[in-house]
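Working notes, structure below.
The values are calculated or read from the model by the stated rules, or taken from the named source; none is laboratory data. Predicted model only: the values in this text are computed from it and were never measured. FYI the Cβ positions are ideal-geometry reconstructions off the backbone, even for glycines, and counts take in every protein chain you see.
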Amino acid sequence: MATLAADRIAKELEALPGWEFSGGAISKLFRFKEFMDGIRFIDRIAEIAEAADHHPDIHVNYTRVRFVCSTHSEGGVTEKDLRLAREIEREFAARAA
């Protein structure tokens with residue numbers, strides 16, 4: 001799967017508020033009320049990522065969780081990363097509903 005051009009990534013991120021493109025990856029910081037809320041969210045995303053065989057880098061800092069998505073084998077952002085970002089957003093919205 002080929003990496004996407006920066007302008008295509010920027011266009012796609014318009015529909016993913018809070019996501020940023022930098023250093024060959026897309027990322028977003030999510031905030032949770034409690035530490036375990038973030039951990040439960042990570043657990044749900046881990047299931048989705050495993051099913052897709054595409055795994056984000058995950059950084060935890062107490063109630064803040066940052067997901068960083070890039071396709072390491074391709075050296076940048078691919079459609080797989082955008083799909084995963086959309087899934088993360090759907091799960092976050094469903095959790096908040």
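Some notes on this structure:
- Selection of helices (runs of 4 or more DSSP H) fully inside the chain by the criterion of at least 1 residues being in contact with a His (Cβ under 8 Å, 6 or more places away or on another chain) and of a type in the set (Asp, Glu) returns 79-96.
- When each of 83, 90 is tested for being surrounded by fewer than 17 Cβ atoms within 10 Å (Cβ to Cβ), touching a helix residue (DSSP H, G or I) at 6+ places or on another chain (Cβ under 8 Å) and either more than 14 Å from residue 25 (Cβ to Cβ) or touching a residue at least 24 places away in the same chain (Cβ under 8 Å) (or both), the lone residue that passes is 83.
- Taking residues in segment 30-59 that are over 22 Å from residue 83 (Cβ atoms) and at pLDDT 95 or above, and partners anywhere that are assigned to a loop (DSSP other than H, G, I, E, B) and of a type in the set (Asp, Glu), not one pair has Cβ atoms closer than 8 Å while being at least 6 places apart or on different chains.
- Scanning segment 41-79 for residues that are exposed (fewer than 12 other Cβ atoms within 10 Å of the Cβ) and not acidic (Asp, Glu) yields a count of 6.
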